[in-house]
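K.L.:
Below is a structure I'd like to ask you about.
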Amino acid sequence: MKKINFYFQVHSPYVLRRYRFFEIGNDHYYYDDFASENTIRELVDKSYLPANAIIADLIKNTNGKFRCGFSISGPTLEQLEQYAPEVIDSFRALADTGCVEFLAEPYAHSLSAMFNDKEFELQVKKHSAKIVELFGKKPTAFRNAELIYSDEMAEKISKLGYNTILIEGAKHILGWKSPNYVYGHPYLPKVRLLTRNFTMSNHIPFQFSDTSWSEYPLTADKFTQWIADAPAEEELFNIWLGYEAFGIIQKDYTGIFEFLKALPEQAFKRGIGFTTPSEAAKTTPIDTLTSPYPLSWSGEEKDLSPWMGNQLQEEALNKLYSVAERVNLCKEKALKRDWLTIQCTDYMRYMSFKNAWGSTFDSPYDAFTNYMNILADFLLRVDAEYPTSIENEELNELLKTINDQEKTISEQEEIIKKLRKRKTNI
Amino acid sequence: MKALMFGWEFPPHILGGLGTASYGLTRGMAAQDDLEITFVIPKPYGDEDQSFAKIIGACAVPVVWKETSRERVQECIGHIMNPDEFFYYRDHIRYDFRRIWTNDLGCIEFSGRYPDNLVQEIGNYEAVASVLAHSLDFDVIHSHDWLTYPAGIFAKQISGKPLVIHVHATDFDRSRGNVNPTVYSIERRGMDIADHIICVSNLTRKTVIEKYGQDPSKVSTVHNAVDPIPNAESYKKTPRKEKLVTFLGRITMQKGPEYFVEAASRVLARTKNVRFVMAGNGDMMNAMIDLAASRGIADRFHFPGFLKGAQVHQMLADSDVYIMPSVSEPFGISPLEAMQVGTPSIISKQSGCAEILNNAIKTDYWDIDAMADAIYSIVEYPAIYQTLSEEGRKEVNAITWDKAGLKVREIYDRVKR
């Protein structure tokens, strides 16, 4: 039986405020709360709430036959809790139906997988803890921020306990193969790879209301017919997209919500079902996929160039991750929170010359200047905690001494006591 | 297609940006094989590059018929015009211009500069235009800037050929709104009579439409370009410990020098590793020296005076940042020149060149904070310096005059009846 595997990415970064260089060292607040709230509010009112309501209805009306996945980034969860807790409730209600799966990902929607293994691990754990806390379900499938993936990365992910990994169905790794199967990893037998059918996925956010598109208008009827027309052996259709496709990219008046409402009925009519990522992966892989170089779900190239494609981005990322270890030694809460929020991939993308869509800055240079000023202040704070003049190893030793202080003192006291006893005994 | 152009300056004897721009455009247009350009200027020196356009000196065109010998003509104007040509023009004098003072050849003497009797000189240029309009064969008339509009208009009235005027600047840019009524009326009349108006930026186009009441459909923008600097690679940055931030231009109200001083004082409050240079002179120079002193940054703020030719390029190449905080700049060629030698530029959003540059930092001229931030960023973070330098050079080398020339040609084809 053919199945559609939906997952929707819910992500909106904090909006960084205009941070001038003369504030470095004086002001440690980096966010434009008003703009962040505005952005979130718009997403919530125009997209998340109406779409969640429709999905809840679909699940109810189909007796749980409609299923889908969500991946919600850490910063987005925080902002939703703060500005629109009703959305958290509505996701929780979806979670309770048992038909919705939440995916694991690095908490900060970051490129940590590319830079620091320890940081990556901490973030994945933090995210999964947050999902358990909010929705009561432990994620079992993993998708990296921007679907960044390589063979080597799979080892880290598998070690963290996730053997279902969602990746982009990029042509350069699939070759002639179809994305509509479950694949395996070249040397990790347990790992299952699900590949995004990007052609089908992109029809929804980018072409739905495009009158110049040859297939316009896109209807649920047509969409499911394409799936039905695919070769019978191709059973899994991974349709993954940003949740804001519903209501923000494609506005309400384009009929995008009607499209979503009509999908299940049209699918069932053609004998097509729905599934979630973890369920879909419970099958024997048809083949393995090799991906020696990291890929992502972005653009035509499907590489990492939108985030690490120019000198500006490299400089920012190298500076940022140069303090990863130190920050993780720190205990200061505010510092650790800022550390997570400023890692968001979007801030790097704003520095790109070709992919800076949605940027809150005038130009990549403007984005870079602002980010570097923030980072400079952040680095100063890290430095104040642990001066850079001390090597990491040395610092570790010192910290160990301090942390073990109590233990060592009590041990010494024991010895003194024993010695004294011995003395009095004599 | 034959074009008759009226200009005021022509390299190598130039006084401002007008000469460079009309020269560049003419040369760019010469790349089109079927286009013949005749360029009229008040006073050529004989060393102008004539390889791509025929240059006629207005000071060698007779406007009053006077008896003279071939030898005398050869002696007086032989270095700029063939005597045969002179006599040909003399045969085409149709109007009586004896009210104008002329020399023994019947020619008017022009200064070719911007003298006090500029308006009179503009009128005399008109007389020359009438003789040329009667003697030459052309399909379109092209006038560069307001000084030559009356000449263009007269030529149009005589020949009935379409007139295209090229607005390099308006009096609103020069005076920040307090326009000179005489200049305004000359500009306005030129625009009213022209068949098409070419502006060097959308900013200027907007001024022309709004302040001169022109029909938007007859106003187009053709952005300026920049000629490659000969041996751009030879200008090397002198290694030095401190960073250099440079302003280069007339120190006048239009160029916004006070914003540069204020931005400098903000940067210096944070880092001492920078020096600021304000090269050029102008009526606000002393006020700027005072301002720098009152901000307590005079030890790091320098006024080297007016720079010329290769000195300019060397100064630009030595700089780490070039800044142009102009309050109103029709185009502004200097940031492009800075980028040619690999120096990152900060420009105001109120300058025309901001419309075509991507790899330069753009701020509002009054936004001192943004300007200071940009300066700080370039001097502190090597990545942004590198990127602006490399990408900027690439970008600017792709902005060539022949592309601008093609756009002008399209306009010619449209107005030609």
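The values are calculated or read from the model by the stated rules, or taken from the named source; none is laboratory data. Fair warning: this is a prediction, and the values are worked out from it, not measured in the lab. Neighbour counts run over all protein chains shown; Cβ positions are idealised from the backbone, glycine included.
K.L.:
In the list B:40, B:73, which residue meets the criterion of being closer than 19 Å to residue B:133 by Cβ and touching a Leu at 6+ places or on another chain (Cβ under 8 Å)?
P.N.:
B:40
K.L.:
Taking the options B:291, B:248, B:244, name whichever one is among the aliphatic types (A, V, I, L, M), on the phi < 0 side of the Ramachandran plot and either under 20 Å from the mean Cα position of the chain (by Cα) or not assigned by TED's automatic domain parsing to the domain that holds residue B:356 (or both).
P.N.:
Step by step, each of B:291, B:248, B:244 is checked, and only B:248 is among the aliphatic types (A, V, I, L, M), on the phi < 0 side of the Ramachandran plot and either under 20 Å from the mean Cα position of the chain (by Cα) or not assigned by TED's automatic domain parsing to the domain that holds residue B:356 (or both).
K.L.:
When the range A:380-402 is examined, which residues are found to be more than 14 Å from residue A:323 (Cβ to Cβ) and surrounded by 10 or more Cβ atoms within 10 Å (Cβ to Cβ)?
P.N.:
The answer is A:394, A:396, A:397, A:398, A:399, A:400, A:401.
K.L.:
Please find, within the range B:238-272, the residue that is surrounded by the most Cβ atoms within 10 Å (Cβ to Cβ) out of those that are under 18 Å from residue B:334 (Cα atoms) and among the charged types (D, E, K, R).
P.N.:
For the range B:238-272, the residue satisfying everything is B:255.
K.L.:
Moving on to the next point. Return only the number of the condition from (1) within 14 Å of chain A (Cβ to nearest Cβ); (2) out of contact with any strand residue (DSSP E or B) (no Cβ under 7 Å at 6 or more places or on another chain); (3) crowded, with 22+ Cβ neighbours inside 10 Å that residue B:375 does not satisfy.
P.N.:
(2)
To keep it simple, each residue is scored yes or no on (1) in a strand (DSSP E or B); (2) crowded, with 16+ Cβ neighbours inside 10 Å; (3) hydrophobic (A, V, I, L, M, F, W, C).
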{"position": "A:4", "(1), (2), (3)": "yes, yes, yes"}
{"position": "A:38", "(1), (2), (3)": "no, no, no"}
{"position": "A:42", "(1), (2), (3)": "no, no, no"}
{"position": "A:59", "(1), (2), (3)": "no, yes, yes"}
{"position": "A:76", "(1), (2), (3)": "no, yes, no"}
{"position": "A:86", "(1), (2), (3)": "no, no, no"}
{"position": "A:89", "(1), (2), (3)": "no, no, no"}
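K.L.:
Give the number of residues within the range A:6-36 that are part of a helix (DSSP H, G or I) and of a type outside the set (A, V, I, L, M).
P.N.:
6
K.L.:
Condition check: within 20 Å of residue A:225 (Cα to Cα) and surrounded by 23 or more Cβ atoms within 10 Å (Cβ to Cβ). Does residue A:209 satisfy that?
P.N.:
For residue A:209, the condition - within 20 Å of residue A:225 (Cα to Cα) and surrounded by 23 or more Cβ atoms within 10 Å (Cβ to Cβ) - is not met.
K.L.:
Here are some conditions: (1) within 27 Å of residue A:51 (Cα to Cα); (2) crowded, with 20+ Cβ neighbours inside 10 Å. Residue A:154 meets all but one. Which one does it not meet?
P.N.:
Of the numbered conditions (1) within 27 Å of residue A:51 (Cα to Cα); (2) crowded, with 20+ Cβ neighbours inside 10 Å, the odd one out for residue A:154 is (1).
K.L.:
Residue A:416 is checked against (1) away from chain B (no Cβ under 14 Å); (2) buried (at least 20 other Cβ atoms within 10 Å of the Cβ); (3) without any contact (Cβ under 8 Å) to a residue 40 or more places away in the chain and fails just one. What number does that condition carry?
P.N.:
Failed condition: (2).
K.L.:
Next question. Just the residues that are surrounded by fewer than 16 Cβ atoms within 10 Å (Cβ to Cβ), under 21 Å from the mean Cα position of the chain (by Cα) and either among the small types (Gly, Ala, Ser) or at pLDDT 90 or above (or both), please, taken from the range A:302-338.
P.N.:
If the condition is that a residue be surrounded by fewer than 16 Cβ atoms within 10 Å (Cβ to Cβ), under 21 Å from the mean Cα position of the chain (by Cα) and either among the small types (Gly, Ala, Ser) or at pLDDT 90 or above (or both), then A:314, A:318, A:336, A:337 are the ones that fit.
K.L.:
Next question, about the same structure. Can you report the number of residues in the range B:46-76 which are part of a helix (DSSP H, G or I) and more than 21 Å from residue B:148 (Cβ to Cβ)?
P.N.:
7
K.L.:
Identify all residues within the range A:37-65 that are under 20 Å from the mean Cα position of the chain (by Cα) and on the phi > 0 side of the Ramachandran plot; write none if there are none.
P.N.:
None; the set is empty.
Table: residues versus (1) touching a helix residue (DSSP H, G or I) at 6+ places or on another chain (Cβ under 7 Å); (2) more than 14 Å from every other protein chain (Cβ to nearest Cβ); (3) not aromatic (Phe, Trp, Tyr).
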site	(1), (2), (3)
B:325	yes, yes, yes
B:338	yes, yes, yes
B:341	yes, yes, yes
B:355	yes, no, yes
B:367	no, no, yes
B:380	no, no, yes
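K.L.:
Would you say residue B:321 is closer than 21 Å to residue B:306 by Cβ, in contact with a Pro (Cβ under 9 Å, 6 or more places away or on another chain), in contact (Cβ under 8 Å) with a residue 60 or more places away in the chain and more than 9 Å from chain A (Cβ to nearest Cβ)?
P.N.:
yes
K.L.:
Okay, next question. Tell me yes or no: at least one residue of the range A:364-384 is closer than 19 Å to residue A:33 by Cα, within 14 Å of chain B (Cβ to nearest Cβ) and assigned to a loop (DSSP other than H, G, I, E, B).
P.N.:
Looking through the range A:364-384, none of the residues is closer than 19 Å to residue A:33 by Cα, within 14 Å of chain B (Cβ to nearest Cβ) and assigned to a loop (DSSP other than H, G, I, E, B).
K.L.:
How about the range A:245-288: which of its residues are more than 23 Å from the chain's Cα centre (by Cα) and of a type in the set (Val, Ile, Thr)?
P.N.:
A:254, A:256, A:272, A:283, A:284, A:286, A:288
K.L.:
A follow-up question, please. Mind listing whichever residues of the range B:376-417 are without any contact (Cβ under 8 Å) to a residue 24 or more places away in the chain, assigned to a helix (DSSP H, G or I) and not charged (D, E, K, R)?
P.N.:
B:377, B:382, B:383, B:386
K.L.:
Also, I was wondering about something else. Within the range A:11-36, how many residues turn out to be surrounded by fewer than 21 Cβ atoms within 10 Å (Cβ to Cβ) and of a type in the set (A, V, I, L, M)?
P.N.:
2
K.L.:
Something else now. Any residue that is assigned to a helix (DSSP H, G or I) and either within 14 Å of chain B (Cβ to nearest Cβ) or in contact with a Gly (Cβ under 7 Å, 6 or more places away or on another chain) (or both) - is there at least one of those in the range A:331-349?
P.N.:
Within the range A:331-349, one or more residues are assigned to a helix (DSSP H, G or I) and either within 14 Å of chain B (Cβ to nearest Cβ) or in contact with a Gly (Cβ under 7 Å, 6 or more places away or on another chain) (or both).
K.L.:
Just one of A:145, A:170, A:129 is buried (at least 18 other Cβ atoms within 10 Å of the Cβ) and more than 30 Å from residue A:222 (Cβ to Cβ); which is it?
P.N.:
After applying the criteria, what remains is A:145.
K.L.:
Here's something else I'd like to know. Out of the residues in the range B:382-392 that are out of contact with any Ser or Thr (no Cβ under 6 Å at 6 or more places or on another chain) and either within 9 Å of chain A (Cβ to nearest Cβ) or at positive phi (or both), which is surrounded by the fewest Cβ atoms within 10 Å (Cβ to Cβ)?
P.N.:
This residue is B:382.
K.L.:
Can you give me the number of residues within the range A:151-164 that are touching a helix residue (DSSP H, G or I) at 6+ places or on another chain (Cβ under 9 Å) and among the hydroxyl-bearing types (Ser, Thr, Tyr)?
P.N.:
Result for the range A:151-164: 2.
K.L.:
To continue, here is another question. Run residue B:112 past the list (1) more than 21 Å from the chain's Cα centre (by Cα); (2) assigned to a loop (DSSP other than H, G, I, E, B); (3) surrounded by 19 or more Cβ atoms within 10 Å (Cβ to Cβ) and report the number of the one that doesn't hold.
P.N.:
Here residue B:112 meets the rest and fails (1).
K.L.:
Starting from residues that are touching a residue at least 60 places away in the same chain (Cβ under 8 Å) and of a type in the set (S, T, N, Q), keep the ones in the range B:268-318 and report whichever is nearest to the other protein chains (Cβ to nearest Cβ).
P.N.:
B:271
K.L.:
Sticking with this one: Under 16 Å from residue B:4 (Cα atoms) and surrounded by fewer than 22 Cβ atoms within 10 Å (Cβ to Cβ): is that true of residue B:160 in this structure?
P.N.:
Spelling it out, residue B:160 is indeed under 16 Å from residue B:4 (Cα atoms) and surrounded by fewer than 22 Cβ atoms within 10 Å (Cβ to Cβ).
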